[in-house]
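To start, the structure under review is shown below, and the notes come after it.
The values are calculated or read from the model by the stated rules, or taken from the named source; none is laboratory data. This one's a predicted model, so the numbers in the text were calculated from it and none came from an experiment. Here the Cβ is made from the backbone with ideal geometry for all residues, glycine too, and neighbour counts use every protein chain on show. With ligands, DNA and RNA removed, areas are computed over all heavy atoms of the protein, side chains included. Shrake-Rupley method; radii C 1.70, N 1.55, O 1.52, S 1.80 Å.
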Amino acid sequence: MKITAVIMAGGRGERFWPKSRNNFPKQFLSLTSDGETMIQKTVRRLLPVVDKNDIYIVTNSAYIGLVNEQLPDIPKCNILAEPCARNTAPCIAFAGAVIQKKYDDAVMLVLPSDHLIGYEDIYINTLRKAVRSAEKNRNLITIGITPAYAETGYGYIKFGDETGDVYKVEKFVEKPDLPTAKEYLASGKYLWNSGMFVWKVSSIMYNLEKFMPDIYKGALRIGECFGKDNFNEVLVKEFTAFSSESIDFGIMEKADDIYTIPGSFGWDDVGSWLAVERINETDDDKNFIDGDVISVDSKRTTICGGKRLIAAVGTRDIIIVDTDDVLLVCSKNSTQDVKKVIAQLKEQKRNNLV
């Protein structure tokens, strides 16, 4: 069966402000020393499994130029532009309808554009296991991550009995508090929810019709017009009418035949500036320093410089990010609150800085 991939690349990456902006979000940034951007890495590591002509990028219409620039080998017709943000269920339905029109049925890998993978060979083997299982019946496969510690920032998947290469999903649970996360870790029965899925197009469209019929019908109308003169008109009309819903809430928490594969391939969702020190080499004092920087007695400090010299003296557990128009200084304990700065900028109508 034909194997396709859908890469979701419409997010704003607000927790990586001020590098990530509305006009240049996180997935188009390079956060590692090799210079490769997040979305470029996502596409490259898929190539052993999926032909480049069968990779689809779903992104905001404002980012089409960035996608074309960074992924010139992806066919232009495979870049699907959302006219507005509507969460993951409409995104997946849109892509599913387009692939269904082209191939009738195919295996569909659904992946975020802004994750990092440390062990790509293991990752590829995991995807191949998921493909084999997805080809059976109406199985919906999610790739969970074997937890390394009690994390409160992720949703979790509780899994049950093993069936071949996969485990039956018992339930999805929301982000826990720390005591609950510790219980999950100790039980050995929970995985982090990575947001990576594998299924046949026919399987996900069946479940969309069952659980999200309005989105299903609208997606079919979009798919029917794909490649025709009235496509953009129909896309805007149908897509803007969709409710904003996640695939987890809309389908995965309700459907039968949900299975998971535990993944142990060095996954990192690069969710905030804290990730920079995890994914790059640090010095003996656990500092990550990039740019024109003089550091004196600094420890556990992340500095991403710009054009100016940055002098850091005696800093501890601090993140400093310099751009042409913004300087961010943030305690490592407060990285999730970067979004609050963006909210204040919007209230002040300083949208050029968002």
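Annotations
- If you go through the range 310-354 and keep only what is basic (Lys, Arg) and closer than 15 Å to residue 287 by Cβ, you end up with 316, 332.
- Residues in the range 81-131 that are β-branched (Val, Ile, Thr) and at positive phi: none.
- Within the range 197-228, considering residues that are of a type in the set (Lys, Arg) and outside any helix (DSSP H, G or I), the one least open to solvent (accessible area, probe 1.4 Å): 200
- Residues satisfying the stated conditions in the range 293-347, i.e. closer than 18 Å to residue 271 by Cα, open to solvent by less than 90 Å² (accessible area, probe 1.4 Å) and assigned to a strand (DSSP E or B): 302, 303, 304, 318, 319, 320, 321, 328, 330, 331
Residue-by-condition table, conditions (1) farther than 14 Å from residue 97 by Cα; (2) of a type outside the set (Val, Ile, Thr); (3) modelled with pLDDT under 95:
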{"site": "164", "(1), (2), (3)": "yes, yes, yes"}
{"site": "175", "(1), (2), (3)": "yes, yes, yes"}
{"site": "206", "(1), (2), (3)": "no, yes, no"}
{"site": "233", "(1), (2), (3)": "yes, yes, no"}
{"site": "253", "(1), (2), (3)": "yes, yes, yes"}
{"site": "257", "(1), (2), (3)": "yes, yes, yes"}
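- Strands (runs of 3 or more DSSP E) lying entirely in the range 1-96 (those with 2 or more residues that are of a type outside the set (Val, Ile, Thr), modelled with pLDDT of 95 or more and over 20 Å from residue 200 (Cα atoms)): 79-82
- Positions within the range 97-123 being closer than 16 Å to residue 199 by Cα and either open to solvent by 10 Å² or more (accessible area, probe 1.4 Å) or assigned to a strand (DSSP E or B) (or both), in sequence order: 100, 103, 104, 105, 107, 108, 109, 110, 111, 112
- Within the range 128-171, being part of a loop (DSSP other than H, G, I, E, B) and of a type in the set (Gly, Ala, Ser) holds for 148, 150, 153, 155, 164.
- Restricting the first member to the range 174-185 and to residues that are small (Gly, Ala, Ser), and the second to residues that are in a helix (DSSP H, G or I) and at pLDDT below 95, no beta-carbon pair is closer than 9 Å while six or more apart or on different chains.
- Of everything in the range 172-196 that is touching an Asp or Glu at 6+ places or on another chain (Cβ under 9 Å) and assigned to a loop (DSSP other than H, G, I, E, B), the residue that is most open to solvent (accessible area, probe 1.4 Å) is 175.
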